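Here is the structure we will look at.
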Amino acid sequence: DEVMNPQAYIGQTGNFCTRVKDHDNKKPFWQKAFIFVSKDTEMTTTDVQYLEYKALVEAQKANSYNLCYNKQEPQSPNLPEHQKDSMDEFFEDVKLLATFKGCNIFEVFHPKSEHLFYVKSKDCDAVGFYSSSGFTVLKGSVIAKEMAPSFNWKDKRNGMVQEYATMDGDKLVMTSDKTFSSASSAASFCLGRSANGWIEWKDTDGKTLSGGKCGSKV
């Protein structure tokens, strides 16, 4: 289901400018490119091939993106163990930076084990969970199509909607998970208006994030 599974492509190149122009012509789905380079010239071609292999394996394991353009089965190149350790450390930085920039292509979420919270309105039916990283709105959440006139980050939300959501019939649906720095910014994004996430997000028992019942004082 492509609506629920955004597309991505993972690759390596020695000439990014040429390669990205080729991708722009042949892969019309993409909107953003993440580039990771070494800080010196010590990384070999085999090292880079290993990083490409690691990235493909991790992304396939996470299964949060459709990698249909990566048609070949990833194969690990012959690399000495000590060099694999070095490249594994480099790849951990890649994963950290990708997640920091809001790209969860390597992250495996287990929402069933999380305490889920919901926010609903006339055209919003979103679900997510709170963690030390912030509040994560889950893929498949329906978010408001319109924004309140008084909403004070319309342009930012429009950009995020283009990146993380798509129209499915008459509904605006999240195509990937998105972690926000706070529960309130997550609720505001979903509802299209200013919102206090500590009272807007409620679990199946009607309890808010702050621990109160819907309609009770907190």
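The values are calculated or read from the model by the stated rules, or taken from the named source; none is laboratory data. Fair warning: this is a prediction, and the values are worked out from it, not measured in the lab. Methodologically, a virtual Cβ is constructed for each residue, glycine included, from the backbone with ideal geometry; neighbour enumeration extends over all protein chains shown. Surface areas here come from the heavy atoms of the whole protein model, side chains and all, with no ligands, DNA or RNA. Shrake-Rupley method; radii C 1.70, N 1.55, O 1.52, S 1.80 Å.
Tabulated values for the structure
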| item | result |
| --- | --- |
| Amide H within-cut-off set for Phe180, under 5 Å, with H built and near neighbours excluded | Phe135, Thr136, Val137 |
| Solvent-accessible area, 1.4 Å probe, carbon plus sulfur percent, for region 43-135 | 49 |
| Rounded to the nearest 10 Å², the accessible area of Val173 at probe 1.4 Å | 10 |
| Span-like helix ranges in the chain, DSSP H, alpha carbon extent 20 angstrom or more, Kyte mean at least -0.5 | 45-62 |
| Base-10 log of normalised Debye intensity for the chain (one unit scatterer per alpha-carbon) at q = 0.10, 0.11, 0.17 Å⁻¹ | -0.54, -0.63, -1.19 |
| Within region 40-64: backbone nitrogen closer than 12 Å to the Ser131 label point (7 Å, Cα to C-beta) | none |
| 1.4 Å probe accessible area per residue over the chain, in Å² | 61 |
| Cross-link pairs beyond the 31 Å C-alpha cut-off, checked among Lys32/Lys145; Lys54/Lys156; Lys61/Lys101 | Lys54/Lys156 |
| Ordering of 93-103, 140-150, 29-39, 48-58 by packing [mean C-beta count within 10 Å, highest first] | 48-58, 140-150, 93-103, 29-39 |
| Inter-probe distance in nm under a simple model that places probes 7 Å from Cα toward Cβ, at Gln7 and Lys171 | 2.4 |
| Accessible area, probe 1.4 Å, largest first, for residues Trp198, Trp153 | Trp198, Trp153 |
| Cα gyration tensor, region 43-101 - rounded (a/c under 1.5), prolate or oblate | oblate |
| Cβ-Cβ FRET estimate between Cys17 and Lys120, R0 fixed at 45 Å, reported to 0.05 | 0.45 |
| 5 angstrom amide H check on Thr175, placed H, neighbours 5+ away | Gly140, Ala165, Thr166 |
| Computed E for Asp155/Asp40 - FRET, C-beta separation, R0 41 angstrom, nearest 0.05 | 0.60 |
| Selected from Thr179, Val137, Trp201, residue furthest toward positive end of dipole (region 133-218; charges at beta carbon) | Trp201 |
| Test item: Cα-centred dipole of the chain, Lys/Arg +1 and Asp/Glu -1 on Cβ, debye | 1000 |
